[in-house]
Structure formats: structure tokens, C-alpha cells
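Chemist: This structure is in C-alpha cells; I'll ask about it shortly.
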Amino acid sequence: MLVVLDASVALRVALESEGFSLLSGHQLAAPGLLRYEVLSALHAALWRGQVTRQLADIASSRLAKAPIEYTTDARVLERAWGVAEERGWAKLYDACYIALAALRRCPLVSADERLLRGVRGAVETLTPAQLVGA
């Protein structure tokens, strides 16, 4: 199944001992900004002492090798602008994930409860547990 991953899921998976093999059997897509968001969150966790340097390095390596199709298509940005306008959001980050899922006609996988509430009606959503069980 083709799915769009958001940064909350990619970070969790990168930190798991099984890494992205947890999602084998699924085609993974994401906007190009996912890498920046995940690495920023990973660096913040390291800075706060929530992960070790070794785990941060492993997670970073897993992300670099992850079988994710990254999209930088201008249509995603155009659609994200519209999504943010419709939802009254100041920023486009979350809207990029929604836009890509809408354009690819596939579910958005997120562990971000705020995003899942905000996406209602725009695209199909799955939680990580639902995806792993699918």
C-alpha cells in the first residue's frame, strides 16, 4: 500500500531497533521537508539528553537509507498553500503532507494527534499502529 509518512512517524520508526523494516510491504512517500523535520527533532532530542549520540547516529543513518520516495513537486506546494488557507493555518509544513497524500490519493500516516484532528475530511489517515497492522 502507498502511504505518505509524516515526520512524527519517520522519527519513531528511525529510533526503533527494527528501523524502517517495520514498514516493509508498504510504498513510502513524503515531501522533501520530512528529512529536515526529522533530523531537527532528532538533534533536539540529543541536545535535551533524550537519546544518546549513538542512537541519534543510527537513527540518522536509517533515515538516510529509508526506502522513502521524496517529492519536491511544485504541485505539492501549490496544493499545500490551498490546504493551509482552507484550514486557517499560518504555516505550510503539515499542509505539505496533506497535499501530497491528496495528490497521490493515498493515506497519510501520522502519530501527531493535532495533525490528525486538523486533517479531518481532507484525506484518509492512519496511525502507525494501523499501518503496521495493515
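The values are calculated or read from the model by the stated rules, or taken from the named source; none is laboratory data. Please read these numbers as outputs of a predicted model, since none were measured by experiment. We place every Cβ from the backbone using ideal geometry, glycine too, and count neighbours over all the protein chains shown.
Chemist: Just checking, how many residues over the stretch 101-122 are at pLDDT 95 or above and farther than 18 Å from residue 13 by Cβ?
Modeler: Selection size over the stretch 101-122: 4.
Chemist: Out of 131, 63, 126, report the one residue that is in contact with a His (Cβ under 9 Å, 6 or more places away or on another chain) and in contact (Cβ under 8 Å) with a residue 40 or more places away in the chain.
Modeler: Working: 63 fails: in contact with a His (Cβ under 9 Å, 6 or more places away or on another chain); 126 fails: in contact with a His (Cβ under 9 Å, 6 or more places away or on another chain).
Only one candidate passes the filter, namely 131.
Chemist: So, one more: Right, residue 33: in contact with a Lys or Arg (Cβ under 7 Å, 6 or more places away or on another chain) and modelled with pLDDT of 95 or more or not? Walk me through it before giving the result.
Modeler: Working: in contact with a Lys or Arg (Cβ under 7 Å, 6 or more places away or on another chain): no; modelled with pLDDT of 95 or more: yes.
Judged against the criteria, residue 33 is not a match.
Chemist: Let me ask another. Looking at this structure, is residue 12 touching a Gly at 6+ places or on another chain (Cβ under 6 Å), under 29 Å from residue 105 (Cβ atoms), in a helix (DSSP H, G or I) and modelled with pLDDT of 95 or more?
Modeler: Values: touching a Gly at 6+ places or on another chain (Cβ under 6 Å): no; under 29 Å from residue 105 (Cβ atoms): yes; in a helix (DSSP H, G or I): yes; modelled with pLDDT of 95 or more: yes.
No, not satisfied.
Chemist: Hey, can you tell me all the residues within the stretch 59-77 that are in a helix (DSSP H, G or I), closer than 14 Å to residue 14 by Cβ and of a type outside the set (Lys, Arg)?
Modeler: Going through the stretch 59-77, the residues in a helix (DSSP H, G or I) turn out to be 59-65, 74-77.
Restricting the remaining residues to those that are closer than 14 Å to residue 14 by Cβ gives 59-65.
Scanning the stretch 59-77 gives 59, 60, 61, 63, 64.
Chemist: Please work out if residue 21 is surrounded by fewer than 17 Cβ atoms within 10 Å (Cβ to Cβ) and either outside any strand (DSSP E or B) or within 14 Å of the chain's Cα centre (by Cα) (or both).
Modeler: Working: surrounded by fewer than 17 Cβ atoms within 10 Å (Cβ to Cβ): yes; either outside any strand (DSSP E or B) or within 14 Å of the chain's Cα centre (by Cα) (or both): yes.
So residue 21 fits the description; yes.
Chemist: Here's a follow-up. Give 56, 80 a once-over and let me know the one that is modelled with pLDDT of 95 or more, in contact with a His (Cβ under 8 Å, 6 or more places away or on another chain), not in a loop (DSSP other than H, G, I, E, B) and not charged (D, E, K, R).
Modeler: Working: 80 fails: in contact with a His (Cβ under 8 Å, 6 or more places away or on another chain).
Only one candidate passes the filter, namely 56.
Chemist: Quickly run through the stretch 1-47 and pick out the residues that are within 19 Å of residue 92 (Cα to Cα) and of a type outside the set (A, V, I, L, M, F, W, C). Outline the logic, then answer.
Modeler: Initially, the stretch 1-47 is screened for residues within 19 Å of residue 92 (Cα to Cα), giving 4-10, 29-41.
Matches in the stretch 1-47: 6, 8, 31, 32, 35, 36, 37, 40.
Chemist: Looking at 37, 69, 85, can you tell me which residue is more than 23 Å from residue 133 (Cα to Cα) and either β-branched (Val, Ile, Thr) or touching a residue at least 24 places away in the same chain (Cβ under 8 Å) (or both)?
Modeler: On the way: 69 fails: more than 23 Å from residue 133 (Cα to Cα); 85 fails: either β-branched (Val, Ile, Thr) or touching a residue at least 24 places away in the same chain (Cβ under 8 Å) (or both).
Only one candidate qualifies: 37.
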